[in-house]
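Presented below is the structure to which this report refers.
The values are calculated or read from the model by the stated rules, or taken from the named source; none is laboratory data. As the structure is a prediction and not an experimental result, all values here were calculated from the model. Counting neighbours? That spans all protein chains shown, and the Cβs are built from the backbone with ideal geometry, glycine included. Keep in mind that these areas ignore ligands, DNA and RNA; they rest on the heavy atoms of the full protein, side chains included. Shrake-Rupley method; radii C 1.70, N 1.55, O 1.52, S 1.80 Å.
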Amino acid sequence: MIEKVSNAFRDVFKTDPIVAFAPGRINLIGEHTDYQEGFVFPAAIEQGIWVAVQKNHESNIRLYSIDLEEEFAFSSTDFSPKKGHWANYAMGMVSQLNQAGFYPTGFDLAFGGNIPASGLSSSAALSVAIGTAISGLFGYSVPKKSLALYAQKSEHVFAGVNCGIMDPYASAFGVKDHALLLDCRSNTHQEVKADFGDYSLILVNSKVKHSLADSAYNKRREACEKSVRLLRPTFPDIKTLRDIGVSDLETVEEILPAELFPKAKHVITEIQRVFDAVDALKKKDLLRFGQLLNASHASLSDDFEVSCEELDFLAAKAQEIPEVLGSRMMGGGFGGCTINLVKTDYLTEFETRMNPAYFEKFGIHPEFIPVKIGDGARLIS
Ligand code: GLA
């Protein structure tokens, strides 16, 4: 990929670039808790986005998407979001850097990647890779945490999705063979060795991409914020749902209207599941770890209502198999992948069993993606 991206850059811009990389991410557990300042447990994957950059001594920033074979240019001093356009990720990062007092002048940028499915945060990877590349090119020392925060803000302002910090943070800070127990209030993390013994992680791509996902995502976030407002008279010190414990659920149920309670319940119980899962992994209690993945899926599907028929089917089918310890939808929802913890010597049979069942029901062959945990963003050359 480094060669491919560097060569494409040379073909289009006729100079030699420097290259940065940022990975996509998986999330072991802790879904829809980051924007309520909760805890999540993601990890970077080996696949990601490579960004090649070089100064062009003009005042324009010129972009080239290798996969789309498309170019785009904008002035480094005057630009605004362009609805639905891939260039938003570059404009968003430049805008965030500007706001932080960094003013990159003209440069050329080409990018490409190998992230195998939707739901693995290619947009966060692209933003973090762009931030890493620009910082390297202009010699800015921008801490990784700031890059992650800029990427998140850029997604809010330039892509219109009010996402949490999880995706860019995991992309920036990932460590090979480790998951990150990330506290989304302090934006700090603890690395936890992700040793699954005789078991392996495999994603199953439902190949469903729901167009309403972004607006539904923002709506879920608003529902949580509304719950916090309604709970505050009784719990004056709360800032987010993170401040409510599982032991408070009965009181919470008395206060919140019937349509809001299940959503709040998901966030409150999911944060507890993150702690329990980290504990189980540290104790090598994989059976318990898997049960928590299954419970997370049920909560996301029944209470938070961000699953879909296809993801529910894939999770249920996988959960029936004794060699599968756990299965759940992963990421924002409404499509994308399930994450599954499967006995390593059963992986081939897992595919053989899941594939025809899904095809028979939905007429689509799902895709099976074994994942390895890799390192976070870096400047390569
Ligand atoms: C998307 C968002 C994240 C997070 C997940 C759900 O991936 O970008 O911030 O909220 O959904 O856990």
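Of everything in the range 59-79, what is touching a Phe, Trp or Tyr at 6+ places or on another chain (Cβ under 9 Å), farther than 23 Å from Pro116 by Cβ and open to solvent by 50 Å² or more (accessible area, probe 1.4 Å)? Give them in sequence order.
Asn60, Arg62, Glu71, Thr77
Taking Leu300, is it open to solvent by less than 70 Å² (accessible area, probe 1.4 Å), of a type in the set (A, V, I, L, M) and more than 23 Å from Gly332 (Cβ to Cβ)? Give the steps one after another, and end with the answer.
Values: open to solvent by less than 70 Å² (accessible area, probe 1.4 Å): yes; of a type in the set (A, V, I, L, M): yes; more than 23 Å from Gly332 (Cβ to Cβ): no.
It is false that Leu300 is open to solvent by less than 70 Å² (accessible area, probe 1.4 Å), of a type in the set (A, V, I, L, M) and more than 23 Å from Gly332 (Cβ to Cβ).
Looking at the range 110-166, which of the residues that are among the basic types (Lys, Arg) and within 16 Å of the ligand (Cβ to nearest atom) is surrounded by the fewest Cβ atoms within 10 Å (Cβ to Cβ)?
Taking the range 110-166 first, the residues among the basic types (Lys, Arg) are 144-145, 153.
From what's left, within 16 Å of the ligand (Cβ to nearest atom): 145, 153.
Values: Lys145: 16, Lys153: 19.
Looking at the filtered set, the residue picked out is Lys145.
Out of (1) open to solvent by less than 40 Å² (accessible area, probe 1.4 Å); (2) not in a loop (DSSP other than H, G, I, E, B), the odd one out for Gly332 is which?
That leaves (2) as the condition not met.
For the range 31-47, give me each residue that is over 18 Å from Lys239 (Cα atoms), of a type outside the set (A, V, I, L, M, F, W, C) and more than 7 Å from the ligand (Cβ to nearest atom).
Pro42, Glu46, Gln47
Name, by its number, the condition in (1) at pLDDT below 95; (2) open to solvent by 20 Å² or more (accessible area, probe 1.4 Å); (3) away from the ligand (no atom under 14 Å from the Cβ) that does not hold for Lys207.
Result: Lys207 fails condition (1) only.
If I go through the range 170-214 residue by residue, how many of them are basic (Lys, Arg) and over 22 Å from Ala117 (Cβ atoms)? Break it down stepwise before answering.
Initial filter on the range 170-214 (basic (Lys, Arg)): 176, 185, 193, 207, 209.
Keeping just the survivors that are over 22 Å from Ala117 (Cβ atoms) gives 185, 193.
Matching residues across the range 170-214 total 2.
Assess whether Ser59 counts as being out of contact with any helix residue (DSSP H, G or I) (no Cβ under 9 Å at 6 or more places or on another chain), at pLDDT 95 or above, away from the ligand (no atom under 16 Å from the Cβ) and over 30 Å from Lys282 (Cα atoms).
Numbers: out of contact with any helix residue (DSSP H, G or I) (no Cβ under 9 Å at 6 or more places or on another chain): yes; at pLDDT 95 or above: no; away from the ligand (no atom under 16 Å from the Cβ): yes; over 30 Å from Lys282 (Cα atoms): yes.
Considered against the rule, which asks whether it is out of contact with any helix residue (DSSP H, G or I) (no Cβ under 9 Å at 6 or more places or on another chain), at pLDDT 95 or above, away from the ligand (no atom under 16 Å from the Cβ) and over 30 Å from Lys282 (Cα atoms), Ser59 comes out as no.
State whether the residues of the range 8-27 include one that is farther than 30 Å from Val342 by Cβ and in contact with a His (Cβ under 8 Å, 6 or more places away or on another chain). Please lay out each step first, then the result.
Pass one, the range 8-27, residues farther than 30 Å from Val342 by Cβ: 8-20.
This time we only want the ones that are in contact with a His (Cβ under 8 Å, 6 or more places away or on another chain), so: none.
Taking every residue of the range 8-27 in turn, none turns out to be farther than 30 Å from Val342 by Cβ and in contact with a His (Cβ under 8 Å, 6 or more places away or on another chain).
Would you call Ser200 away from the ligand (no atom under 16 Å from the Cβ) and free of Cβ contacts under 8 Å to residues at least 24 places away in the same chain? Let's see the steps before the verdict.
Details: away from the ligand (no atom under 16 Å from the Cβ): yes; free of Cβ contacts under 8 Å to residues at least 24 places away in the same chain: no.
It is false that Ser200 is away from the ligand (no atom under 16 Å from the Cβ) and free of Cβ contacts under 8 Å to residues at least 24 places away in the same chain.
Could you check the range 311-326 and list, in sequence order, the residues that are in contact (Cβ under 8 Å) with a residue 60 or more places away in the chain and either buried (at least 24 other Cβ atoms within 10 Å of the Cβ) or within 12 Å of the ligand (Cβ to nearest atom) (or both)?
Of all residues in the range 311-326, those in contact (Cβ under 8 Å) with a residue 60 or more places away in the chain come to 311, 314, 318, 325.
Within the range 311-326, Leu311, Leu314, Ala318 qualify.
Looking at Ala295, Ala264, which one is assigned to a helix (DSSP H, G or I) and either of a type in the set (D, E, K, R) or free of Cβ contacts under 8 Å to residues at least 40 places away in the same chain (or both)? If you could, list the steps in order and put the result at the bottom.
Working: Ala264 fails: either of a type in the set (D, E, K, R) or free of Cβ contacts under 8 Å to residues at least 40 places away in the same chain (or both).
Going through Ala295, Ala264 in turn, the sole match is Ala295.
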